[in-house]
Amino acid sequence: MAIIVLNPSCQYGNVVLEAGHVVYNEGHNLFDIALKTKETLENLGHEVYLTRSLRDEASNLETEMQKANSFNPDLMVSLHSDATGEPINPSVGGTTTFFASEAGYLLAEYVHHSLCRAIGNYYPKHTDRGIKTHWLKLYVLHNINAPACLTEILFHTNPEERKLLLNPLFHQIAAKAIAEGIDTYTKTLG
């Protein structure tokens, strides 16, 4: 089977505050989803690594990509949640997946379509925001020695979607869908 790296967001500063208390932390939340995705992929027979070992491990993108490349992976999927800029627009939502290479595009297609289908079945108001290149040169997509994609799973600035992102049942649904997309992609590798 494949050697897979999952790169959960290390953006601990992407938080949502309510009454002065942190109610959402992107770095923590996406690590939780990555763990469930790892477990699902391992049950399918894949060898899976995370770019950090702990939910709140101090990290940066350069260190994470060095670690990712040290595994000599067949592919990498980076997991994030999205946000609107200031002023925050709480009505914006959905899922976008980014790629930086032709091989990354194929991986993005499998992951994105599986994820959007699963989210849409659970949350009918879900918006598929598409598969695209990013207007910035995303570090993780340009510094990994394997096909890669980065998926922005819902918007944590949207209150309805944030509730989903915090829901352990949704974590399982997203993890299963991401794993299924990855597994289907690996079957195209021959």
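The values are calculated or read from the model by the stated rules, or taken from the named source; none is laboratory data. These figures come from a predicted structure and were not determined experimentally. No Cβ is skipped: glycine too gets one built from the backbone with ideal geometry, and neighbour counts run over all protein chains shown. The accessibility values were calculated without ligands, DNA or RNA, using every heavy atom of the protein model including side chains. Shrake-Rupley method; radii C 1.70, N 1.55, O 1.52, S 1.80 Å.
Details
- For segment 3-45, the carbon plus sulfur part of the accessible surface works out to 52%, probe radius 1.4 Å.
- Backbone amide hydrogens, once placed in the peptide plane, bring Thr84 within less than 5 Å of Asn89, Thr157, excluding anything fewer than 5 places away on its chain.
- Distant-in-sequence amide H partners of Lys132 (H built 1.01 Å from N, under 5 Å): Thr97, Phe98, Phe99
- Accessible area ranking (1.4 Å probe, heavy atoms, ligands and nucleic acids excluded), largest first, for Asp56, Asp32: Asp56, Asp32.
- Highest mobility in the GNM of the chain, judged by mean-square fluctuation with C-alpha springs under 10 Å and restricted to Leu54, Leu79, Leu141, is found for Leu54.
- In nm, spacing of pseudo-spin labels at Arg117 and Leu44 (7 Å Cα→C-beta vector): 1.2
- Over segment 90-138, the ratio between the Cα radius of gyration and 2.2 N^0.38 Å evaluates to 1.21.
- Across Thr51, Thr95, Thr84, mean-square fluctuation computed from a Gaussian network of the chain (C-alpha pairs under 10 Å connected) peaks at Thr84.
- A straight line joining the Cα centroids of segment 142-165 and segment 32-106 runs 8 Å.
- Per residue solvent-accessible surface (Å²) - the chain, probe of 1.4 Å: 47
- Relative contact order (%) - segment 46-179, alpha-carbon pairs under 8 angstrom, separation at least six: 35
- Radius ratio Rg over Rh of segment 74-190, counting only Cα atoms, Kirkwood formula for Rh: 0.97
- One compactness figure for segment 111-174 is 1.24, namely its Cα radius of gyration divided by 2.2 N^0.38 Å.
- Taking 7 Å steps out from each Cα toward its Cβ at Leu189 and Leu61 produces label points 2.4 nm apart.
- Convex hull volume per residue in cubic angstrom - Cα atoms of segment 1-151: 125
- Max mean-square fluctuation residue, GNM over the chain, Cα-Cα springs under 10 Å, options Glu62, Glu160, Glu152: Glu62
- Per-residue 3J(HN,Hα) values for segment 149-157, derived from phi via the Karplus relation 6.51 cos²θ - 1.76 cosθ + 1.60 with θ = phi - 60°, read 9, 10, 10, 9, 7, 6, 10, 6, 8 Hz in sequence order (x marks Gly and Pro).
- Taking trypsin sites (Lys or Arg not before Pro) across segment 144-184, none is in a DSSP loop with at most 10 further Cβ atoms lying within 10 angstrom of its Cβ.
- Segment 18-127: trypsin sites (Lys or Arg not before Pro) falling in loop per DSSP and having at most 16 other Cβ within 10 Å: Arg55, Lys125
- Each residue of segment 21-35 was assigned a 3J(HN,Hα) from its phi angle through the Karplus expression (A = 6.51, B = -1.76, C = 1.60, θ = phi - 60°), giving 10, 6, 10, 8, 10, 4, x, 5, 5, 6, 5, 4, 5, 4, 4 Hz with x at Gly and Pro.
- When the Cα atoms of segment 39-79 are aligned to their principal axes, the ranges along those axes come out at 30, 22, 15 Å in descending order.
- Accessible area of His80 in the full protein assembly, 1.4 Å probe (Å², nearest 10): 20
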